[in-house]
Ligand code: NDP
């Protein structure tokens with residue numbers, strides 16, 4: 001235990017009581033950064049880390065809407081505008097019943113470093129609601145999105161804050177929110193990313209987080225002269241990120257044997273091939289069904305209430321949610337021969353799971369580096385909107401691959417140990433920090 005980290009964390013805990021996920025995210029960064037800041041007193045004297053850990057602004061609001069039975073429903077709405085030192089606030093919106101201030105602050109905090117790592121000019125933010133789209137009709141989702149945007153529209157804008165999707169917010173929700181913003185402002189602008197192709201969206205944006213997570217794993221594998229070819233991969237989740245991580249890993253010659261949702265996971269020893277994946281996409285994105293139906297359809301095992309980390313694999317890609325890999329899960333993965341973990345989700349590994357990965361020399365890519373592909377292509381969507389053009393699929397994919405390679409290089413630059421191995425956690429934290437810190441120093445005490 002580093003007493004400097006403990007002192008810093010005591011301040012964070014006192015100022016933000018009860019926000020356990022936020023404390024967890026800040027601690028992970030503080031452990032990498034405090035020794036670095038001690039060597040760079042300019043950052044220390046300007047209290048850069050203390051300032052980064054305090055949101056520039058938090059907007060909290062009521063979201064009233066009327067369900068199909070004519071009953072009034074009330075949800076909470078949030079937008080955390082965390083840091084705008086290097087660009088307008090940028091980060092997703094999450095609709096999930098577990099959403100609270102702590103979760104959104106941890107996500108917004110991570111986003112600051114992630115966006116910086118992409119090298120694009122984007123600050124950090126995050127927002128959402130405790131609204132649960134599951135089990136709601138399209139009409140109810142639309143009513144909710146319109147009410148949510150009626151308030152949010154006062155606080156965002158293409159030069160101020162540009163939200164995107166996250167858990168529970170996909171193309172459908174972005175569409176309803178964009179429509180309402182346009183109606184209220186009488187402006188067709190790139191105020192949201194993840195838009196449909198026909199109305200300003202970028203090609204490859206839906207694929208970007210999942211593809212990027214695989215590209216990052218590919219770069220880590222390359223350091224050991226290895227590839228995805230012939231590897232067995234365990235993936236959690238079955239939403240946007242999981243689907244495209246499955247597609248890319250499979251196209252590189254790997255066999256993806258698991259997918260999951262909040263009810264359980266499926267184990268398909270033959271691999272989730274492109275045909276089965278297409279079926280999953282229809283199930284999750286259109287029918288909005290459950291993964292248990294996959295087990296029935298393809299006659300494979302379904303593990304109710306469990307996560308997929310007991311499955312034997314070489315590579316694990318957690319793509320569902322935070323804290324979904326515990327220390328025990330990490331130890332099981334390692335025992336079964338898993339040697340690469342690339343995080344599609346944000347903070348999916350608990351603090352002691354991360355310690356286990358680092359201790360055993362696993363190629364471990366933390367979310368703020370490994371899943372930065374999504375926000376990177378969101379940044380490219382903003383560029384295309386501003387230029388009023390749209391790039392071809394190949395062009396966007398090539399840029400995404402380059403960005404993921406550059407993020408990997410940054411992690412190596414700041415995270416290489418004396419023995420040549422790489423601590424990607426330290427690399428991502430310091431690599432993401434420096435650009436933001438320099439901008440904050442230049443802009444004074446604001
Ligand atoms: P989706 O809503 O498309 O999918 C989420 C998936 O995770 C679903 O399969 C869902 O299951 C499962 N899940 C959600 N919450 C839980 C939970 N509490 N326990 C178990 N499973 C759960 O979201 P995304 O794919 O967009 O996001 C997945 C992760 O990736 C999140 O951590 C998100 O922050 C991160 N991320 C997403 C980006 C993006 O571009 N979309 C960018 C960067 C990171 P169910 O259907 O049962 O809810």
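The values are calculated or read from the model by the stated rules, or taken from the named source; none is laboratory data. This one's a predicted model, so the numbers in the text were calculated from it and none came from an experiment. Here Cβ is always computed from backbone atoms with ideal geometry, including for glycine, and neighbour counts include all displayed protein chains.
What about residue 318, is it over 30 Å from residue 431 (Cα atoms), surrounded by 22 or more Cβ atoms within 10 Å (Cβ to Cβ), within 11 Å of the ligand (Cβ to nearest atom) and at pLDDT 95 or above? Answer is no for this residue.
Residues that are within 13 Å of the ligand (Cβ to nearest atom) and part of a helix (DSSP H, G or I) within the stretch 287-311 comprise 287, 292, 293, 294, 308, 309, listed in sequence order.
Each residue in the stretch 227-266 was checked for being at negative phi and outside any strand (DSSP E or B), and 23 of them qualify.
Among the residues examined, residue 32 qualifies as more than 23 Å from residue 146 (Cα to Cα) and touching a residue at least 60 places away in the same chain (Cβ under 8 Å).
Tally up the residues in the stretch 92-111 that are assigned to a loop (DSSP other than H, G, I, E, B) and near the ligand (Cβ under 10 Å from one of its atoms), please. Summing the residues that are assigned to a loop (DSSP other than H, G, I, E, B) and near the ligand (Cβ under 10 Å from one of its atoms) in the stretch 92-111 gives 3.
Could you please find all residues in the stretch 153-178 being farther than 26 Å from residue 204 by Cβ and either surrounded by 19 or more Cβ atoms within 10 Å (Cβ to Cβ) or within 16 Å of the ligand (Cβ to nearest atom) (or both)? Correct list: empty. Just one of the numbered conditions (1) outside any helix (DSSP H, G or I); (2) in contact (Cβ under 8 Å) with a residue 40 or more places away in the chain is not true of residue 401: (1). Cβ-Cβ distances below 8 Å connect no pair with a first residue in the stretch 231-250 that is without any contact (Cβ under 8 Å) to a residue 24 or more places away in the chain and outside the structural domain of residue 322 (by TED's automatic domain parsing), a second residue that is assigned to a strand (DSSP E or B) and near the ligand (Cβ under 6 Å from one of its atoms), and a separation of six or more residues or different chains. If the condition is being in contact with a strand residue (DSSP E or B) (Cβ under 7 Å, 6 or more places away or on another chain) and closer than 13 Å to residue 206 by Cα, then the stretch 369-412 contributes 375, 378. Scanning the stretch 179-195 for residues that are within 16 Å of the ligand (Cβ to nearest atom) and buried (at least 24 other Cβ atoms within 10 Å of the Cβ) yields 192, 193, 194. Among the residues in the stretch 389-404, are any within 25 Å of residue 34 (Cβ to Cβ) and within 16 Å of the ligand (Cβ to nearest atom)? No, because not a single residue in the stretch 389-404 is within 25 Å of residue 34 (Cβ to Cβ) and within 16 Å of the ligand (Cβ to nearest atom).
So if I check each of 281, 347, which one is surrounded by 15 or more Cβ atoms within 10 Å (Cβ to Cβ), within 15 Å of the ligand (Cβ to nearest atom) and assigned to a helix (DSSP H, G or I)? Steps first, answer last, please.
On the way: 347 fails: assigned to a helix (DSSP H, G or I).
Step by step, each of 281, 347 is checked, and only 281 is surrounded by 15 or more Cβ atoms within 10 Å (Cβ to Cβ), within 15 Å of the ligand (Cβ to nearest atom) and assigned to a helix (DSSP H, G or I).
So is residue 227 within 14 Å of the ligand (Cβ to nearest atom) and in contact with a helix residue (DSSP H, G or I) (Cβ under 9 Å, 6 or more places away or on another chain) or not? When the stated conditions are applied, residue 227 does not pass them.
This table checks each residue for (1) in the same structural domain as residue 226 (by TED's automatic domain parsing); (2) more than 15 Å from the chain's Cα centre (by Cα).
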residue: 343; (1), (2): yes, no
residue: 352; (1), (2): yes, yes
residue: 359; (1), (2): yes, yes
residue: 400; (1), (2): no, yes
residue: 410; (1), (2): no, yes
residue: 416; (1), (2): no, yes
residue: 419; (1), (2): no, yes
